[in-house]
Amino acid sequence: MSAAACPACADAALRTIADALAVGDLDRAMTLGLLDARPEDIAGRCDACIACADIVIAARDDRLRALAARERHRARQERLAERAAARVRKREAAAPRTAIAAPSLPAAAAAALARAKARVAVKRLPE
């Protein structure tokens, strides 16, 4: 099949993406639409276009797998963070609360203790 009759050869976007991938410029290929490229849908491709399409398909599939892996990693990190937050909430709920400080001794006991401390202090005075 001649290049003029090949529908993939006429597809400038596909050729540009393949050229960007050939020089290793993945960012440019992504900008040009690598993830949306569907060279396998083009019927009647020539041998040169089949090679270009294979490069584009492989790069697209690799990128989609990498993006899916990144999304799974982010989702896992969110789940782990939520579990950690739930553990903290559970620990805080189980911990005793000391919001209201109750007096340590009733008034009568505190007075008796103060008198006892005063007697001990008087006995220890140097003479």
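If you scan the range 22-46, which residues turn out to be farther than 15 Å from residue 11 by Cα, assigned to a helix (DSSP H, G or I) and of a type outside the set (S, T, N, Q)?
22, 26, 27, 28, 30, 35, listed by residue number.
Under 8 Å between Cβ atoms, which residue pairs at least 6 apart in sequence (or on different chains) link something in the range 17-35 that is under 16 Å from residue 61 (Cβ atoms) with a partner that is assigned to a loop (DSSP other than H, G, I, E, B)?
Final answer for the pair search is 17/33; 17/37.
Quick one: in the range 36-46, which of the residues that are in contact (Cβ under 8 Å) with a residue 12 or more places away in the chain and of a type in the set (D, E, K, R) is surrounded by the most Cβ atoms within 10 Å (Cβ to Cβ)?
Going residue by residue through the range 36-46, those that are in contact (Cβ under 8 Å) with a residue 12 or more places away in the chain are 37, 39-40, 42-46.
Those still in the list that are of a type in the set (D, E, K, R) too: 40, 45.
Numbers: 40: 12, 45: 20.
So, considering only residues that are in contact (Cβ under 8 Å) with a residue 12 or more places away in the chain and of a type in the set (D, E, K, R), the one surrounded by the most Cβ atoms within 10 Å (Cβ to Cβ) is 45.
For the range 89-105, enumerate the residues that are exposed (fewer than 10 other Cβ atoms within 10 Å of the Cβ) and either modelled with pLDDT of 85 or more or part of a helix (DSSP H, G or I) (or both). Give the steps one after another, and end with the answer.
Just the residues of the range 89-105 that are exposed (fewer than 10 other Cβ atoms within 10 Å of the Cβ), to begin with: 91-104.
Selection gives 91, 92, 93, 94.
Can residue 53 be described as surrounded by 11 or more Cβ atoms within 10 Å (Cβ to Cβ), touching a residue at least 40 places away in the same chain (Cβ under 8 Å) and not acidic (Asp, Glu)? Even if it seems obvious, please write down each step before you answer.
On the way: surrounded by 11 or more Cβ atoms within 10 Å (Cβ to Cβ): yes; touching a residue at least 40 places away in the same chain (Cβ under 8 Å): yes; not acidic (Asp, Glu): yes.
Taking the combined requirement at face value, the residue satisfies it.
The values are calculated or read from the model by the stated rules, or taken from the named source; none is laboratory data. The structure displayed is predicted, hence computed values, not measured ones. Backbone-built Cβ (ideal geometry, glycine too); neighbour counts: all protein chains shown.
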